[in-house]
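The values are calculated or read from the model by the stated rules, or taken from the named source; none is laboratory data. If you're wondering where the values come from, they're calculated on a predicted model, not measured in any experiment. A quick note on method: Cβ atoms are made from the backbone with ideal geometry, for glycine too, and the neighbour counts reach across all protein chains shown.
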Amino acid sequence: MTDRPEALLIYPPVHDFALYDLYLKPYGLLNIAAMLEAGGWNTRLINALDYTDESTVEVEGSVRRKADGTGKFHRQTLKLPPELQGIRRKFARYGILKDVLKQKIAEEKPDAIFISSGMTYWYRGVVEAAELCRELWPDVPLIIGGVYASLMPEHCVRVCKPDYIAAGNMTLSGSTVLSESGRALNAFLEAGALPGAVPSSDAPLDHDCWNDAAVLRLNDGCPMNCGYCASRSLCGGFSPGRPEKVFKRLRLLAETRGTRNFAFYDDAVLFDSSSVFIPFLKQVVDYSSRTGTRFNFYTPNAMHIRYMTAEIADLMKSAGFQEVRLGFESASDEFHSEYDNKYSERGFHNTVRMLTDAGFDRSQIVVYILAGLPGQRASEVEDTIRFAADRGFTLSVSEFSPVPGSPMWPDCVARCSLPLEDEPLYHNNSFFPMEWEGFTRADMQRLKALSKQRL
Ligand code: SF4
């Protein structure tokens, strides 16, 4: 026992139609843990998406995982929420068993509880975790942060009933107090019990969640403000990181945990690359050649087509990038002039040439195609799929999800027949909320099937 206060940090389960682990890690929450520890706290993490949890594996068996650190989570079928009636798909809870989650929360009384949140339409998993905490520890301050809490704070206050919302990029400094529930939270904060002024730290390394794959973030935010994205609302713009700090993190993970797979959480890893990404890649290449250590890098977030250079492509290949995901979105010039201004056909061909010259096979170039925006026609997406497939790329059709805080959110609210502002479940892209006669659910299924065929 120590005199240090105890913080419990919970990465909640996910309720959704489907969930695949493309490097879902409690990175933001562990950054909070680092700040708390620097401020004199002990921290305890419960990762409800831990696919290695022994008690859950004992009951449900192991889930299928891949060598690159991606794979399935444990899954328990749930009844379809009444709001989603009419959808002919199974709904499920992903993560460790609910009883196991409850036991872990009950283990030791904390002095404060932090719950993170992801997609807005995953809020039911946050509610589940928050309710368990209230049941077990009703007098412990409960703080919810992350994407959903930041983009829909009023909904979060109403439904999850936290004492406090940590809005923004999961940092406590500058957070917004939106709920004063009479639990003396303000006094708790003002007494300096939370180290809000501790400069941002990096997620601690001593967690098993980094073994199969770890995440890195070189920069925060993005300089662009695409119509369909809430990066600007969440991060407030681009701020460059420190490559030597991120390289040190990679080296420590490699040497202490044997981690070889790394995924970037950056929104704009190629921006300001001469000061950040290029120096980082050079350190990796140098380290690999000195030690013989080979890494595998992944970019689950798309890279900007227009900022690729031949030098970056060469360095990425030498460093061990296994694929390059590009934010292509559409082959239509009108699409880009309306929503993102981030593509030109010439620029795209140049980027592809640089990547193939560096040694990437075309099948290692994954192009993201965005489908289902308000008013978008199915024929435009079909043309895009054919354009990309004809050139031998791997295609990934992303079904559009309306995101609060994105520039086009008001348009989505105005055009959608469902109450998007009141019910985040309707933001789920599996639900296709922006369906209209020019792009129906049947069109979406046909186009997804088309993208998987060899054309
Ligand atoms: S979609 Fe990508 S490029 Fe556009 S604002 Fe978001 S992160 Fe930036």
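Values for this structure:
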| quantity | calculated |
| --- | --- |
| Enumerated strands (runs of 3 or more DSSP E) restricted to region 70-137, each holding at least 3 residues that are free of Cβ contacts under 8 Å to residues at least 60 places away in the same chain, in contact with a strand residue (DSSP E or B) (Cβ under 8 Å, 6 or more places away or on another chain) and surrounded by fewer than 22 Cβ atoms within 10 Å (Cβ to Cβ) | 75-78 |
| PHE400 being over 30 Å from VAL14 (Cα atoms) and surrounded by 13 or more Cβ atoms within 10 Å (Cβ to Cβ) | no |
| Scan of region 272-309 for residues that are within 16 Å of the ligand (Cβ to nearest atom) and either more than 26 Å from the chain's Cα centre (by Cα) or within 24 Å of SER396 (Cβ to Cβ) (or both), ordered by number | SER273, PHE277, THR299, PRO300, ASN301, ALA302, MET303, HIS304, ILE305, ARG306, TYR307, MET308 |
| Where a residue in region 203-231 is assigned by TED's automatic domain parsing to the domain that holds TYR27 and farther than 16 Å from TYR265 by Cβ and its partner, wherever it lies, is within 16 Å of the ligand (Cβ to nearest atom) and assigned to a loop (DSSP other than H, G, I, E, B), with Cβ under 9 Å and at least six apart | none |
| Search result, residues across region 214-225 that are out of contact with any helix residue (DSSP H, G or I) (no Cβ under 6 Å at 6 or more places or on another chain) and within 9 Å of the ligand (Cβ to nearest atom) | PRO223, MET224 |
| Residue satisfying all of: in region 56-69; without any contact (Cβ under 8 Å) to a residue 40 or more places away in the chain and outside any loop (DSSP other than H, G, I, E, B); surrounded by the fewest Cβ atoms within 10 Å (Cβ to Cβ) among these | GLU58 |
| Test for ARG362: is it more than 20 Å from ASP333 (Cβ to Cβ), free of Cβ contacts under 8 Å to residues at least 40 places away in the same chain and in contact with a strand residue (DSSP E or B) (Cβ under 9 Å, 6 or more places away or on another chain) | yes |
| Unmet criterion (only one of (1) in a helix (DSSP H, G or I); (2) under 24 Å from PRO26 (Cα atoms); (3) among the hydroxyl-bearing types (Ser, Thr, Tyr)) for THR259 | (1) |
| Residue list for region 242-271, restricted to those being within 15 Å of the ligand (Cβ to nearest atom) and under 20 Å from THR309 (Cα atoms) | PHE264, ASP266, ASP267, ALA268, VAL269, LEU270, PHE271 |
| Qualifying residue in region 294-305 (condition: crowded, with 20+ Cβ neighbours inside 10 Å, touching a Cys at 6+ places or on another chain (Cβ under 7 Å) and not assigned by TED's automatic domain parsing to the domain that holds GLY146) | no |
| Candidates MET444, MET408, MET354, MET434, filtered to the one that is within 25 Å of PHE321 (Cα to Cα) and buried (at least 16 other Cβ atoms within 10 Å of the Cβ) | MET354 |
| Inter-residue pairs, beta-carbon under 7 Å, first without any contact (Cβ under 8 Å) to a residue 40 or more places away in the chain and in region 238-262, second aromatic (Phe, Trp, Tyr), 6+ apart | PHE238/PHE271; VAL246/PHE280; ARG251/TYR287; ARG260/PHE295 |
| Exclusive hit being surrounded by fewer than 15 Cβ atoms within 10 Å (Cβ to Cβ) and touching a Leu at 6+ places or on another chain (Cβ under 8 Å), set ASP333, ASP361, ASP383, ASP390 | ASP390 |
| 1 or more residues among the hydroxyl-bearing types (Ser, Thr, Tyr) and touching a residue at least 24 places away in the same chain (Cβ under 8 Å): qualifying strands (runs of 3 or more DSSP E) within region 4-51 | 6-11, 42-47 |
| Criterion: at pLDDT below 95 and either among the β-branched types (Val, Ile, Thr) or over 23 Å from SER401 (Cβ atoms) (or both) - qualifying residue of LEU84, LEU36 | LEU36 |
